[in-house]
Amino acid sequence: QVQLVESGGGLVQAGGSLRLSCATSGSFFEINAMGWYRQAPGKQRVLVARISSGGSTNYADSVKGRFTISRDNTKNTVYLQMNSLKPEDTAVYYCNTVPPRETWGQGTQVTVSS
């Protein structure tokens, strides 16, 4: 059974930084692109960062230059370094494959105060 466990969220002031982690189980990790998604209150879940199995990365325009996605295939873990955070980054953040599997983790709340 696939498990996705996100951690590292919290409350931070605008301009601050957070590092999110996503630990995964299952044999799918190494062969799949992984992504970080976020869902703000009242909005749909959207993909903000993607990393291929080979390490190539893509970002949504809203986070480009501020967020960095990385992965450690030896630990089946994907990370999201978030710098220069803005109030509009406030959301629940999730990791999943790209495209996403049906099962999601619980997510981790990121709140950025102005």
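The values are calculated or read from the model by the stated rules, or taken from the named source; none is laboratory data. What you see is a predicted model, and the numbers here were worked out from it, not measured in a lab. FYI the Cβ positions are ideal-geometry reconstructions off the backbone, even for glycines, and counts take in every protein chain you see. Heads up: the accessible areas ignore ligands, DNA and RNA and are worked out on the full protein's heavy atoms, side chains in. Shrake-Rupley method; radii C 1.70, N 1.55, O 1.52, S 1.80 Å.
For the range 64-86, a residue qualifies if it is farther than 19 Å from GLU6 by Cα and not hydroxyl-bearing (Ser, Thr, Tyr), and the qualifying residues are LYS64, GLY65, ARG66, LYS86. Being at positive phi and over 15 Å from the mean Cα position of the chain (by Cα) is true for just one of GLY107, GLY15, GLY8. Which residue is that? Of GLY107, GLY15, GLY8, the one residue that is at positive phi and over 15 Å from the mean Cα position of the chain (by Cα) is GLY15. Number of residues in the range 58-80 that are in a strand (DSSP E or B) and open to solvent by 60 Å² or more (accessible area, probe 1.4 Å): the value is 2.
The conditions of being among the charged types (D, E, K, R), touching a residue at least 12 places away in the same chain (Cβ under 8 Å) and over 17 Å from GLN3 (Cβ atoms) are not met by ASP61.
Here is the figure for the range 87-114: residues that are within 18 Å of ILE69 (Cβ to Cβ), open to solvent by 60 Å² or more (accessible area, probe 1.4 Å) and either among the charged types (D, E, K, R) or touching a residue at least 12 places away in the same chain (Cβ under 8 Å) (or both) total 3. The residue that is least open to solvent (accessible area, probe 1.4 Å), counting only those in the range 1-23 that are within 15 Å of THR103 (Cβ to Cβ) and part of a loop (DSSP other than H, G, I, E, B), is VAL2.
Selection of the range 45-57 for residues being under 18 Å from GLU6 (Cβ atoms) and either surrounded by fewer than 15 Cβ atoms within 10 Å (Cβ to Cβ) or without any contact (Cβ under 8 Å) to a residue 12 or more places away in the chain (or both) yields only VAL46.
Residues in the range 24-41 that are at pLDDT 95 or above and open to solvent by 50 Å² or more (accessible area, probe 1.4 Å): GLN39 only. Scanning the range 81-100 for residues that are farther than 12 Å from ALA33 by Cβ and either part of a loop (DSSP other than H, G, I, E, B) or of a type in the set (Asp, Glu) (or both) yields ASN83, SER84, LEU85, LYS86, GLU88, ASP89, THR90.
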